[in-house]
Structure formats: structure tokens, C-alpha cells
Amino acid sequence: MADDLIHVDRNSGACHVKFLQDGDCDRWDAFVETMADATFFHKAGWRDIIRTTTGHRCHYLYAERHGVITGVLPLAEIRSWLFGHALISTPFCVYGGVVASDLVSREKLIDAAVALADERRVDYLELREREHSPVHADWPVKDLYVSFRKAISEDDDVNLKAIPRKQRAMVRKGIKKGLVADHCGRLNDFYAVYAESVRNLGTPVLPQSYYASVKRAFGDDCEITVITHQGRPVAAVMSLYFRDEVHPYYGGSVREGRDLAANDFMYWSVMQRAAGRGARLFDYGRSKVDTGSYHFKKHWGFEPRPLPYAYHLVRATEMPNVSPTNRKYRMFIKAWQHLPLPVSKTLGPLLARDLG
């Protein structure tokens, strides 16, 4: 298959599907900005982040008609001896899949992705779409994850009152404890907190260079908030801004933060900051159904929306289950939670790059 063109329909007014080249990134992003169902994770910048910091091969496809982009599909190929061989849109991100301005472009992109998955002999192709697509209605769908998205007001008082009473009390507890939010936080402080937070959950962390690349690629659309107590960082989050949305994405707190209500204070501070920046939709991200983060977000008054991740199986005979809820990973998770932090930060990137 050619490097620059994976599918051509030579009929008049045809829709061509091509691989993204460096010179087309601005056109790609301009298209993404105009599409209602596009997300921050459809931006072209993720391609370089994934391939340079994790080493995985990317296959970013776009549909074009008469020289105008009519659809995009970001894909990356994850090859892991432990978790298998997959083509995913988009790994290390909660959303992905096809964004297209018309049905033909959507169909062509999916046909091209299926052909690529078959050619690469992957175990499966995974599309992390937010809505069911009629184009692949017969594909198996995993209902493991849900998202939490809610409109917010420009008025802080309105937003605070919209938080259910018990959780609102936790926000006020953080305020009374003297927590301070810095929305121009340092990457080193963020990573120290985040790495400890995911270690405590039993999850490997990506290298700091990955988060540095995200910040560098997206500039002001990527903001680090660090919460301190008496000068010590106790919680931190990297938030992503897209149009009028804010997505607090990589976030967590140290154990000390629990007694300080640091997480509640942090997300409230981000909501205040986002409203001031003009955001009108708060995306709390995805959670696995019936987990701690799932209930935390529901307690904030957010309602879960199913994320219908769809699969085209190539070599696999069933949908993958690399979730921490999988019983075969429980012993690993428990062992990881007890690793010394320096060890988890050293070994974590070797494993996290294959989780996708």
C-alpha cells in the first residue's frame, strides 16, 4: 500500500482517502475546528506526540474531494507482546473515530481503516467514538466506559449551586483548609503529583516527556493547574481547551490531598477558570462504570453517557479486555500500588506506552 494514498475512487467527483503529510496538518486542524462532532483528540498534533514519545506508528487518514478535506480518522498502531497488536483511534485519548462532513466520506474512511487493519494483520481495529455510527452498526461494541459532560454558566455562583449539596460542602472544605490553585503550574510539580496518584491506583504512568510534548504541542489550549497546601503540591491536573469546552484530563492527588478535599477544590477551581476563559461545557472525561471515579463524577451532578467503542476484529475472536477491572490484572495492580514511587516512575513508562 502506498505511503501517500491508501484508497482512490476514480469516478468523477470522487472522494479520495490519503495519509496525512506534515504539510497538511493545518488543513486537517481547520476541518476539525468546523465539525460539531470533532474533539480535542482529533487534532493533528497528537500524531507527533504519540510517535515521538511512545514510538508507535501512526496512520492518520483524511478524505478529500476536489482538494477539500471532507473527513478525518486519526489512527495509531499499538504493538505489544503483553496486550496484543491493535489499530486504535485514538490511543492514550478517550475519544476518536471518524469525523466527516458527509456519509460517503465516512464510509470511505472506515473502508480504508478496515483495509489497513487487515493489511497490518492487527488483532483488532478500535474506534473510540462518542456516538453509535450507522456505518459500522454491525460491529461489536464495548459498553465498559461512560463520559460525563455538562453545560456550565459564566456565573460562578450558578455553577457552585449546581453542584449537589454534599459535594459542594467538600469544595468549601478545601477552601477552608487554605488550598491555593495555580493555573500556570509547573510541569515538574504536575508530574510528581500525577505519577504518585496513578501509582496509588495501580496504573503505570507515561514518561514526563509525553506530558511535556502535549503542553508544547497545544500551548495555551493545554493548561496545568497545581493545588498547593502550605506551599506543598497536593493535587494537579492538565486541562485541555477545545472551542467552548474544557476537559480536565490528566489529574489526581497525593494521599494527603484526600483529607483536604483537594480533588473537589481542584475541579471547582478549573471550572471557575474555564468559565472565565469562555468555556461553556465541562467534560469530566471517561470512567469505567461503577468505579470510584464514576461515582465521584455522579456526585458532582454529572450524568453518565455511554461511550460505544466499536471494534472490527481481524485476528482476534473477541473484543479485548485490557481494563484494570479484568480479573487477570488484579494481582499486578495490587503489586504496583506498593512499588516505591521512584521504581514506578522508572518502570511505568515501559508498560504505559503499550496500554494505549
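Throughout, read-outs are computed from the coordinates displayed, never taken from laboratory work. Predicted, not measured: the structure shown is a model, and the values here were computed from it. Cβ coordinates were reconstructed from backbone atoms using ideal geometry, including for glycine residues, and neighbour counts include every protein chain displayed.
For the chain, the longest piece that avoids every one of the trypsin sites (Lys or Arg not before Pro) found in DSSP loops with at most 11 other C-beta atoms within 10 Å covers 122-356.
Amide H to amide H distances under 5 Å link Leu307 with Tyr145, Val146, Ser147, where only residues 5 or more positions off or on other chains count and H is placed in the peptide plane. Between Trp81 and Leu347, the simple spin-label model (points 7 angstrom out along Cα→Cβ) gives 1.6 nm. Our estimate of slack between Arg121 and Asp156, defined as 0.36 nm per intervening residue step minus the Cα-Cα distance, is 7.4 nm. Positive end of the dipole of the chain (Cβ unit charges, origin at the Cα centre): among Ala100, Ile152, Gly252, the Cα lying farthest that way belongs to Gly252.
Note on segment 205-356: Cα Rg divided by 2.2 N^0.38 Å, N the number of residues, gives 1.17. Taking every C-alpha pair closer than 8 Å and separated by at least 6 residues, the mean separation divided by the residue count of the chain gives a relative contact order of 21 percent. From its DSSP helices (H runs of at least four residues, each -39,500 (n - 2.57)), the chain gives a residue-normalised ellipticity at 222 nm of -11000 deg cm²/dmol. Model label sites at Thr317 and Asp220, defined 7 Å from Cα along the beta-carbon direction, differ in position by 5.5 nm. Of all segments of the chain bounded by GluC sites (Glu not before Pro) found in a DSSP loop with no more than 12 other C-beta atoms within 10 Å, the longest spans 155-317. Start at zero, step by 5 Å, and the Cα-Cα distances of segment 91-174 spread as 3, 10, 16, 17, 12, 9, 8, 7, 8, 7, 3, 0 percent across the bins. Relative to the longest principal axis of the Cα atoms of the chain, the long axis of helix 262-276 lies at roughly 60 degrees.
Phi-derived couplings, Karplus 6.51 cos²θ - 1.76 cosθ + 1.60 at θ = phi - 60°, listed residue by residue for segment 286-303: 9, 9, 6, 4, 6, 9, x, 5, 4, 6, 4, 5, 5, 5, 7, x, 8, 9 Hz, with x used for Gly and Pro. Simple point charges give the picture: +1 on the Cβ of Lys and Arg, -1 on the Cβ of Asp and Glu, and for segment 56-110 a dipole about the Cα centre of about 100 debye. Would you please give the FRET efficiency between Ser209 and Arg165, computed as 1/(1 + (r/R0)^6) with r the Cβ-Cβ distance and R0 = 41 Å, to the nearest 0.05? Rounded to the nearest 0.05, the efficiency is 0.45. Using the Cβ-Cβ distance between Thr34 and His132 with R0 = 25 Å, the FRET efficiency computed as 1/(1 + (r/R0)^6) comes to roughly 0.65.
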